[in-house]
Each structure stands twice: as structure tokens, then as C-alpha cells.
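One structure below.
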Amino acid sequence: MTTRILSGIRPTGHIHLGNYLGAICSWVDMLNTIDECFFCIVDQHALTTAEDSKDLRKNTLTIAAAYIASGIDPVKNHIFIQSHVPYHTELAWYFNCITPMGWLSRMTQFKDKANKNKDHTMTGLFVYPALMAADILAYKATHVPVGEDQKQHVELTRDIAHAFNNYVDKQIFPLPEPIIKKETARIMSLRDGLKKMSKSDPSDYSRIHLLDDNETIALKIRKAKTDAEPISNLVSDLESRPEAKNLLNLYAIFTQNSMEKVLEEFEGKLFSEIKSKLSDATINHMEPIRLQMIKLLNDESTLIQHLKKGANAANSLVEPHMQEIRHSLNLLLCL
Ligand code: TRP
């Protein structure tokens, strides 16, 4: 069986280290083990939160540049923009018609983001998971690499696939498997080790952006919250020290070492030394990616060509699936 992954990032705000290490890097690790890879920039999802739709065009190009600069080859893989494949929203409509409101109202992301006043909560936010299911199922993707926070949406996607297959009495959709990334890929805020690094945190110092220059990276790491204890050599001691754990985890990732090795290196050391080494390791890893992103963003027409190529491949794959889906729904087809 052909393995096919589909995943996506919402082009909202600045893309940061959490998105890079948590999502993009885990995709890059998979490229050689999966037959077909589709990476989407889900711009229509960004429209569900008004504050994110302001710089949509710029943010969309930045995510595309980040995908490519991080090592996703746009020739071998398919990088595309959701709104360039109109089938997603068509399929989402069909899913809206077979998805009970009860399922959608149980989604924790909706509950977190919905305004208490229903007159200020938009329908798009509510049906967001049906669009996400369409993103995945339009491709008949077999695997969906996502963070822990998106597991519920992928489970709902499986429920929708199953409900649709039952509704039309035909096995149209395979049930996609979530691939949930490792705990170490969960990058926390530099200001609060218990919160995920996030674009919505009001403090810029809570996260490192992919486009931050070296001085800014060093400054943010210098200002990162820590505690007053020197480091011990026990991994278990870090459980009660979330900020220390996060910084050491980042160092372990960038130096490709285990946590045990990192603790051996830093045992008894002060945070000033750890931060300075972490800063060097981060800059070492991120600088070439940033320079490549800037290069790509300065040549917008080439970047857009890559996205067009991706959209063509996406549309060609999905088109026959849509005919099959429309047919199963008894819509009259013009052949
Ligand atoms: N909901 C995902 C997030 O917030 C983004 C997303 C939209 C997605 N469609 C998808 C992820 C399809 C994987 C597959 O992170």
C-alpha cells in the first residue's frame, strides 16, 4: 500500500522554534520512509481567528520558505497552499452535512478559543475540524504527523471518515493514522516552562522566531527564565525544574546528544555557562536556515512557482477522489 502523509501549519504570526522542532523537523525525519508527502499551508484555517488573518499573504510565504529552508525539497515533495486546492472547502461542506454538532462542540481547541458570547464566536471556528478532516481525507492520506494537541482532531477525522463511509455505504476513505511526535519535540516558552512555546503569547521573549537574527537569539536565551540551582546529573531532578529542562532539552536537540550526556557536561555548572553554550548551538543550527529563508523570500516568484507546482500535484491527486465522492453522494455529475 502506498503511504501518504499530509500535514499543515496555519500561517499565523511569526513561525518559531516550537513549530520548527515540533512539526517541520519531524516531517523532515520522515521524508525517506513515506512514499508521498503533502505539506500544506492552511491559510483558510487562519481565517478562523481574525487577529491572524491580517498578514496572511506574508505569513503564508514565510511558512513556505520555512518548509523549504528546513529541508523539505519542493521538487520531490508537494508544498502547497490550502486555498489553491478548492476541493478542501467543497469536501468540508459534505462533512458538515454528516458531522453531528455534538462532536464539534466537544473539541477542546474550540472550547479554548470560543468566545463566551456566542454572538462573537464564528461558525468557521466551530467547523474548523471538518475542514481539517477534509484536508486529510481529500488525499486519502494514510498517516498524519501532528503534535499531541491535534490528536483529538485526527481522531475526529477518523470518526468523520467512518461516518461518511457508512453514510454512502462504500469504503471511500481509509482511516488515517496519527503520528504523534516525541515528548522531546515539545518546546516550551522561554518565560514559563509549563506553557508551550506559542505564537499567541504576548511576550516576544517567550519564543525564538525562525527569522530572529543571531543577536536576538542570544538575547532571548540570556533573558530566558531559570532557577537558582546548579545542574545535577539526574534526569529525574529536572521534572520539578521545567525551565531548566526546556533549555537543556533544546541543547540536547541542537547538539544531537541524549539528556544524560548533556547533564554530564553541565553537572554543577551555572546557567550563565549553559545559556552561552545553548546560544552558540542554537545560532549554529538556525543561522543557515534563516539565511536560506531570507533568500527564498527575496525571490518571491520562484517561491510562488514551487507553490504552484505543489498545488497542481495536489489538485491532480484530489480531483478523481472528488468525482468518486460526489458520485457516492448522488450528485449529478457532468462528465
Ligand atoms: N489544526 C492544525 C493546527 O492547528 C493545522 C492543520 C490544519 C492540520 N489542517 C491540518 C494539521 C491537516 C495536520 C493535517 O496545528
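The values are calculated or read from the model by the stated rules, or taken from the named source; none is laboratory data. Being a predicted model, the structure only gives us computed values, none of them experimental. Positions of Cβ are backbone-derived with ideal geometry, glycine not excepted, and every protein chain shown enters the neighbour counts. Accessible surface areas use protein heavy atoms only, side chains included; no ligands, DNA or RNA. Shrake-Rupley method; radii C 1.70, N 1.55, O 1.52, S 1.80 Å.
Here are the numbers:
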item: Every residue from segment 141-160 that is part of a helix (DSSP H, G or I) and within 13 Å of the ligand (Cβ to nearest atom); result: E148, D149, Q150, K151, Q152, H153, V154, E155, L156, T157, R158, I160
item: Unique match (being closer than 30 Å to K140 by Cα, out of contact with any Pro (no Cβ under 8 Å at 6 or more places or on another chain), open to solvent by 80 Å² or more (accessible area, probe 1.4 Å) and among the acidic types (D, E)) among E264, E319; result: E319
item: Some residue of segment 78-89 being away from the ligand (no atom under 15 Å from the Cβ) and either modelled with pLDDT under 95 or in a helix (DSSP H, G or I) (or both); result: no
item: Hey, E273 of a type outside the set (S, T, N, Q), without any contact (Cβ under 8 Å) to a residue 60 or more places away in the chain, surrounded by fewer than 20 Cβ atoms within 10 Å (Cβ to Cβ) and in contact with a Phe, Trp or Tyr (Cβ under 9 Å, 6 or more places away or on another chain) or not; result: yes
item: Selection count, segment 229-256, where residues are closer than 17 Å to G22 by Cα and surrounded by 14 or more Cβ atoms within 10 Å (Cβ to Cβ); result: 11
item: Which listed residue is away from the ligand (no atom under 16 Å from the Cβ), open to solvent by less than 10 Å² (accessible area, probe 1.4 Å), within 21 Å of A66 (Cα to Cα) and aliphatic (A, V, I, L, M), from I208, I172; result: I208
item: Tally, over segment 190-210, of residues that are under 20 Å from Q150 (Cα atoms) and without any contact (Cβ under 8 Å) to a residue 12 or more places away in the chain; result: 1
item: Residue within segment 111-118 that is in a helix (DSSP H, G or I), modelled with pLDDT of 95 or more, under 30 Å from L211 (Cα atoms) and not hydroxyl-bearing (S, T, Y) present; result: no
item: Near pairs, Cβ below 8 angstrom, 6+ apart or cross-chain, from segment 160-180 (free of Cβ contacts under 8 Å to residues at least 40 places away in the same chain) to any residue that is among the basic types (K, R) and surrounded by 17 or more Cβ atoms within 10 Å (Cβ to Cβ); result: F173/K140; P174/K140; L175/R158
item: S189 being of a type in the set (G, A, S) and open to solvent by 30 Å² or more (accessible area, probe 1.4 Å); result: no
item: Residues of segment 49-77 satisfying the condition of being open to solvent by less than 30 Å² (accessible area, probe 1.4 Å) and not in a helix (DSSP H, G or I); result: T49, S70, I72, P74, N77
item: Answer from E183, E215, E177, E155 - the residue that is surrounded by fewer than 17 Cβ atoms within 10 Å (Cβ to Cβ) and modelled with pLDDT under 95; result: E183
item: Segment 1-17, residues that are within 14 Å of the ligand (Cβ to nearest atom) and either farther than 20 Å from L56 by Cα or assigned to a strand (DSSP E or B) (or both); result: R4, I5, L6, S7, G8, I9, H16
